[in-house]
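The values are calculated or read from the model by the stated rules, or taken from the named source; none is laboratory data. Fair warning: this is a prediction, and the values are worked out from it, not measured in the lab. All Cβ positions, even for glycine, are placed from backbone atoms using ideal geometry, and neighbour counts span all protein chains on display. We work out accessible area using only protein heavy atoms, side chains counted, and drop any ligands, DNA or RNA first. Shrake-Rupley method; radii C 1.70, N 1.55, O 1.52, S 1.80 Å.
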Amino acid sequence: MIRITLATVAITFAAIATPAMADTAEIWCFTQQTGQQPTETKRCSFSQSGGNVSVYRGSIEYRFTSEHQGKFYTRTNGYGGIVFRSPNGLLRVFWEQPCNEWSGCAGDG
């Protein structure tokens, strides 16, 4: 009985002490500063937890907190990804590799 109770306490403590894990995905993205040409589309990482998003493009991390949405940036969700737009520019996220002249479009049969 004591073993079961200690095991239960240990499992409960571990569940409380463990932070929520973010959903992470490998994606494609590009950035574009206002008035400039977009950067090259390349592999990025996307992480989301509790409405907060981080996009990693090489050594740069772009953070979009839920509390700043609508104040400092807008988020537009679409079938193929997400666009984060601010007065300085935008970050475009694609769930699948976007179209190009060599390999066609994501979702092409």
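Points worth noting:
- The residue that is nearest to the chain's Cα centre (by Cα), among those in the stretch 24-49 that are hydroxyl-bearing (Ser, Thr, Tyr) and open to solvent by 80 Å² or more (accessible area, probe 1.4 Å), is Thr24.
- Checking each residue of the stretch 59-74 against the condition of being without any contact (Cβ under 8 Å) to a residue 60 or more places away in the chain, in contact with a helix residue (DSSP H, G or I) (Cβ under 6 Å, 6 or more places away or on another chain) and under 16 Å from Thr24 (Cβ atoms) gives no match.
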